[in-house]
């Protein structure tokens, strides 16, 4: 089990859509954690190229994160009014909206490539892969992790054969990984407690863990490692846009919204979220494709009001430091926090 | 500092509105934690009588929780449509609605009585008491705790002179304690991390802590103690209604709603919440008084669909055991969880 062999209990969150780089994954793996490459929004060929690039610079273990495709395309009538509403944004930004389309993010080709590449870990978000997919990857020596947000999803993931569960709390930045309906998201500490009884697979805690104390809290609550994303977004190795880096550094409220992609995701509250959040339909990846040009233009212009500023609830704790330094500092602080609390509790 | 002298790092949540009893507070204090009496919804005379009753059966420290009054009454126009909407519920239940009225829950008389009784701890929810009130209580030898839900509220509470902060996460059952506006509630682990830099006063963590692992997580994240509510609701010493006890025992989603009282509060999702939640105004305690007869009738009839089933996100972990056994078990499990995580992190 790869989690037993890590020097520090820190897993890099996938950070698809820009921030994820080979350099960032390498830095976390070389620091003794587990780096992750993001297959999401890339072709299978790009993903394979990233894996080869990682292996050219590190012999440490790493993982690849894959988006499980949606069960079905959204009904065009469900999102047509929203697309129309966004027309004014497009005019204002001087770019055309993207085409709403449903795709599977090159699912079959990615699975083929991952099996052939025999990467150490593959984690899934947005859905529970079929048991056959899990079995095939495991037959190639791959550890399969599935991201869950409720006890019911944990049960499904274990039934599908997951080797470990990534447990995503309400605090997490970026997309909700939920797939079995999430009437009311669970806070991370609550969700970890509810999974105690099901510890047939190790738990990797995710959501707002950006300090050693936070990581210590997740470990004390039963997690074997912490998946850390936002705390690495300001590292020089990350591909984070400048406008996003600047926003992360300041205290500011975050909220969960479908405004940018048609799937609930947590980001720093900005004009786009406030104006469109209530109107946004459940239509992923259709709305992701529609708003992509707007967001790209916003990043180029440095306009924080139209960019998806994905961030966990503790984003202001993210430091502009090299990733290895962040990883080692967090691990050291977590160890100290556990020792302090344990000493007090004797 | 009273938190240093507890044998176990467990503080009883106030549980106003039925569950709180002298017997429950006594059991937790005698087990080595800190029992709490709920002044909310009682007269000052009732509160004083409870304090005397507690002192007649225990020499251990305890606290009294007080509702800080709302800054102003709600505009009747803001809640009139909601009251009209609830008319059908009243007809169905065969009871009249209560009168919408704003009151201060006997604030001045309670402060007088508490200063005179010189109780060990007074905690506040729903607002930050003025610095003069804090100073007066402290001059009587009382430790003053203020409940907060955001870093900004923590700053206000410290400025008012709080001796300790009760840090309420999003996971918590019952009313949100927030007073400075809560655009998006913080998960407990996130909020504890954001308060790290402000540790001028010890933190008591609250919200969904119903297992030793959860409590260990809060302690590792920097809290000095855990405030536990839902996990005590099924104890024989608690005054919890039967219909509420039964609902707590089963896994079921919870959500935050204003439907019952006009103030956001977390409870198990039921028909009343689903049907009226979206329409409910911000008008506390006006709506509390309006729905009180409905809820009382529901408790009498055992109708889970109209009762406010306050519950934290981990309510199914609450055990039907004597409170001292619950407190000791949670503390022991928390110690074990900290030792385990600390051992692994060496």
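By the count of other C-beta atoms within 10 Å, a proxy for reagent exposure, B:215, B:10, A:256 are ordered fewest to most as A:256, B:10, B:215. Peptides B:109-121, A:88-100 ordered by packing proxy, namely the average of other Cβ atoms within 10 Å per residue, highest first: B:109-121, A:88-100. Treating the Cα atoms of segment A:197-346 as identical point scatterers in vacuum, please give the log10 of the normalised Debye intensity I(q)/I(0) at q = 0.13 Å⁻¹, two decimals. Rounded to two decimals, the profile gives -0.68. Considering only beta bridges that DSSP places wholly inside the protein assembly as shown, some 20 percent are antiparallel.
Counting Cβ atoms of other protein chains within 10 Å of each residue's Cβ and taking the mean over peptide A:279-288 gives 0. Between copies, the label points of residue A:94, set 7 Å from Cα on the Cα→Cβ line, lie 7.2 nm apart, reported in increasing order to one decimal in nanometres. Compute the Cα gyration tensor for segment A:78-232, then decide on rounded, prolate or oblate, letting a ≥ b ≥ c be the square roots of its eigenvalues: rounded whenever a/c is under 1.5, prolate when a/b is larger than b/c in the other cases, and oblate in all that remain. Here segment A:78-232 falls in the oblate category. The DSSP beta bridges internal to segment B:116-222 are antiparallel in roughly 0% of cases. Taking every C-alpha pair closer than 8 Å and separated by at least 6 residues, the mean separation divided by the residue count of chain A gives a relative contact order of 20 percent.
Classification of segment A:98-173 by its C-alpha gyration tensor yields an oblate form. The axis ratio a/c (a ≥ b ≥ c) is 1.5 or more, and b/c is at least a/b. Principal-axis analysis of the Cα atoms of chain A puts helix A:323-345 at an angle of about 60° to the longest axis.
Remark: relative contact order (segment A:207-326) = 35 percent; criterion is Cα-Cα distance under 8 angstrom and separation of 6 or more residues. Using only the Cα atoms of the protein assembly as shown, build the gyration tensor, take square roots of its eigenvalues as a ≥ b ≥ c, and label the shape rounded, prolate or oblate: rounded if a/c is under 1.5, else prolate if a/b is larger than b/c, else oblate. Taking the square roots of the gyration eigenvalues as a ≥ b ≥ c, the protein assembly as shown is prolate.
Shielding of peptide A:331-337 by partners, expressed as the average count of other chain Cβ atoms within 10 Å per residue Cβ, is 3. A straight line joining the Cα centroids of segment B:280-330 and segment B:214-279 runs 7 Å. Give the percent of DSSP beta bridges with both residues in chain A that are antiparallel, rounded to the nearest 5. Within chain A, antiparallel bridges account for around 20 percent of the total. Once the convex hull of all Cα atoms in chain A is built, its volume per residue stands at 126 Å³. Counting only other chain Cβ atoms within 10 Å of each residue's Cβ, the peptide A:165-178 averages 2.
Compute the acute angle (0 to 90°) between the alpha-carbon long axis of helix A:107-117 and the principal axis of greatest extent of the alpha-carbon atoms of chain A; round to the nearest 10°. Relative to chain A, helix A:107-117 is tipped by roughly 30 degrees.
Centroid-to-centroid, using Cα positions, segment A:135-150 and segment A:22-71 are 15 Å apart. Counting 0.36 nm for each residue step from residue A:103 to residue A:246 and taking away their Cα separation leaves a gain of 48.3 nm.
The sum of -39500 (n - 2.57) across all DSSP H runs of n ≥ 4, divided by the residue count of chain B, sets its helix-only mean residue ellipticity at 222 nm to -12000 deg cm²/dmol. Taking all Cα pairs closer than 8 Å and separated by 6 or more residues, the relative contact order of segment B:110-218 comes to 25 percent. Relative to the dominant Cα principal axis of chain B, helix B:286-301 is inclined by about 90°.
No value in this document is a laboratory result; all are computed from the given coordinates. All values reported here derive from a predicted model rather than from experimental measurement. Glycine gets a Cβ as well: all are built from the backbone with ideal geometry, and neighbour counts include every protein chain shown.
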